[in-house]
Amino acid sequence: MRLDTLRVWQRSLLSYNTLAREALLALGVGVIVALAAWAFERCITLVGMGLAALFPLAQSWARPCSLAAGGLAVGLLLWWRAADFKTRGISGVIASVYARQGLIPGREALLGLLASSLTLGSGGSAGKEGPIVQIGASLGSKIAQLFQLTHQQTVLLLGCGAAAGIASAFGAPLAGVFLALEVILTRFSYHASGLLILSSLSAYLGTKFIATPLFHFQAPPLPPLESWELLAALGLGIGAACVGTAFMRTLAGSEKFFQSLPLPAWSRPALGGLLAGGIAIFFPQVMGSGYDSMERALVGEFSLSFMAALLIFKIGATACTLGSGGAGGDLAPSLFLGAMWGGIYGLLLQDWMALAPSSLAAYTLLGLGSVFAGAARAPLSASFMIVEMSANYQLLLPLILTTAVSALVSSVLDRDSLYTLKLSRGIVALQAGEAPILEPLETAPVGRYLSDDYLTISPQATVAQLMELLKSNPQAVWAVCDEQGAFKGLVDRRDVAYWRMRCHPHLPQKTLVREIMRTDIDYLTPNDSLASALYLMGRSRSGRLPILEAGGSRRLLGVITRQAIFQAYLHLSSQPAPLEASHG
């Protein structure tokens with residue numbers, strides 16, 4: 001008995017030591033990220049001062065020159081160190097969580113810092129949050145590697161660095177925590193939440209201590225919205241989803257357009273900067289992050305038609321800057337679009353409903369969060385970010401309402417978010433116009449590599465029959481198919497265990513498999529690519545996916561496994577590239 005008690009105390013002491021170590025590392029990551037954010041701000045300022053000496057931005061002709069010069073410098077940097085630009089922004093951080101088990105080389109973050117400083121310092125239409133999140137995640141990953149932590153702990157410290165980056169960039173520690181949970185880690189747990197809070201708060205306090213300027217919207221205290229205004233805010237959320245989806249699709253189309261141009265890869269960012277600078281000649285507000293314009297929209301300085309023009313041309317300028325290969329984040333541009341859309345909606349309601357001037361500012365703030373929430377599918381992150389940046393906590397409830405509506409409508413309009421769009425298309429790592437690292441998988445159909453190594457069970461079978469099969473067969477996952485072979489769902493040992501915990505009094509002979517199976521399963525058709533399969537596996541955290549017959553039959557043809565994709569990649573990447581036909 002005493003020996004058992006001693007072992008319990010030993011395990012408890014080990015757990016406490018591990019927790020204390022993780023907490024100290026999370027606090028350290030926050031402080032280090034705050035210093036890195038300060039260095040990033042200084043780099044942007046120095047680049048801006050240098051280019052302003054050559055091209056005074058007060059002159060309209062100098063704006064295209066400045067943006068083109070910054071784009072050319074970024075293009076040359078990408079061409080010089082193309083292999084070190086596999087992780088780009090928040091999308092790259094997400095890819096590192098699933099594809100690299102949280103490992104991010106430090107040189108990638110350093111080169112990303114330099115490229116983003118050149119883009120933002122020259123006036124490119126982008127934000128600083130993406131690079132700061134990448135820098136913070138890289139620092140968290142590197143610290144985990146130095147202390148030889150497990151893969152799970154490495155991912156946690158990566159998330160701590162990302163949360164600290166948002167806290168340092170926007171002075172919004174709670175938003176940083178929720179962004180890491182909703183977008184990067186995609187799971188909630190008390191353990192991860194506690195470490196993220198420690199890291200985010202230490203970064204916020206460290207940023208204030210070293211006197212790094214934190215941007216906050218200069219919004220006056222706003223009265224609570226009326227009950228009918230909450231209903232009106234639903235329309236704002238629906239419109240914000242449309243704006244966010246248009247923004248995403250324009251970015252994706254711009255990337256395809258610039259990659260299709262018969263130009264050297266290093267020259268494309270310069271062309272994109274030149275085009276964005278052409279827009280800036282007439283609308284200089286589209287340059288940079290655009291926080292000044294957001295504040296002016298907040299206090300009602302812009303007319304409805306002018307805000308509509310800014311909304312359209314900001315999408316174009318950002319698409320030219322980032323789609324051509326420029327470095328920077330897309331969170332700030334989405335906030336800009338949200339401010340314009342919220343201002344437009346508020347002015348329309350003001351004309352129709354004779355709203356008070358303070359309501360215009362409220363709708364502008366609601367728009368700020370809603371477009372970002374719809375594009376990123378992160379309603380809690382967007383809500384707390386706007387509340388913290390504007391210090392209007394009474395708007396939290398309408399913000400959660402509008403951001404949730406925007407995220408839900410956006411998921412209907414487009415299944416991918418702003419940060420998973422590149423992942424689903426296999427273009428996470430743009431290497432200065434070269435073929436992406438997943439290119440061999442983009443053209444290979446999964447039907448060529450499907451496996452029949454699976455077992456099926458009828459949805460009408462009882463749980464008792466399934467339990468007997470599980471005892472005699474080591475297969476962990478069973479496909480549930482009807483008599484015609486149509487796929488209905490999956491069931492495994494965990495589903496049986498959960499059922500027994502919830503419904504222990506019920507007899508397994510009276511419960512059918514269809515009552516406990518999972519139906520929200522990602523699936524593929526034979527013509528889908530292996531790159532799409534790899535992305536869906538990462539999103540669903542599954543090592544195998546069903547392949548169904550195209551059309552409405554849903555007949556199960558086989559499964560694709562992670563091992564099969566890996567072997568296919570090794571085989572395809574070792575094949576010599578086809579020779580181009582010579583002319584002349």
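This ranking places Glu515, Glu295 by how few other beta-carbon atoms lie within 10 Å of each, fewest first, which gives Glu515, Glu295. Between Arg249 and Gln563, the C-beta separation translates, for a Förster distance of 30 Å, into a calculated FRET efficiency of about 0.30. The magnitude of the dipole of region 440-497, with charges of +1 and -1 set on the Cβ of Lys/Arg and Asp/Glu and taken from the Cα centre, is near 160 debye. Listed values for region 154-164 are Karplus-derived 3J(HN,Hα) couplings in whole Hz (6.51 cos²θ - 1.76 cosθ + 1.60, θ = phi - 60°), namely 5, 5, 5, 5, 4, x, 4, x, 5, 4, 5, and x replaces Gly and Pro. Highest mean first, the peptides 135-142, 346-353 sorted by other C-beta atoms within 10 Å per residue fall in the order 135-142, 346-353.
Fully extending the segment from Arg518 to Phe282 would add 79.5 nm, taking 0.36 nm per residue of separation and subtracting the current Cα-Cα distance. Across region 243-399, what fraction of all alpha-carbon pairs, as a whole percent, falls in each successive 10 Å bin from zero upward? The calculated distribution, bin by bin, is 12, 39, 32, 14, 4, 0. A simple spin-label model places the labels of Gln460 and Trp228 5.7 nm from each other, with each point 7 Å out along Cα-to-Cβ. The phi-based Karplus calculation (6.51 cos²θ - 1.76 cosθ + 1.60; θ = phi - 60°) puts the 3J(HN,Hα) values of region 132-139 at 5, 4, 5, 5, x, 5, 5, 5 Hz, whole numbers, x for Gly and Pro.
The ranking of Ile44, Ile104 from fewest to most other beta carbons within 10 Å of each one's beta carbon is Ile44, Ile104.
With a Förster radius of 22 Å applied to the C-beta separation of Leu348 and Gln394, the computed FRET efficiency comes to 0.45.
When you count the other C-beta atoms within 10 angstrom of each residue and take the mean per peptide, 267-277, 444-454 line up highest first as 267-277, 444-454. Max-minus-min Cα coordinates of region 17-209 on each principal axis give 60, 35, 26 Å, with the largest extent listed first.
Fewest to most neighbouring Cβ within 10 Å: what's the order for Trp80, Trp499?
On the way: Trp80 11, Trp499 18.
Lowest to highest Cβ neighbour count: Trp80, Trp499.
Protection proxy ranking for 523-533, 154-164, 240-250, using the average of other Cβ atoms within 10 Å per residue and placing the highest first: 154-164, 240-250, 523-533.
Laboratory data are not the source of any read-out in this text; all were calculated from the coordinates shown. Remember, predicted model here, so these are calculated numbers, not experimental data. Every residue, glycine among them, receives a Cβ derived from its backbone with ideal geometry; neighbour counts consider all protein chains shown.
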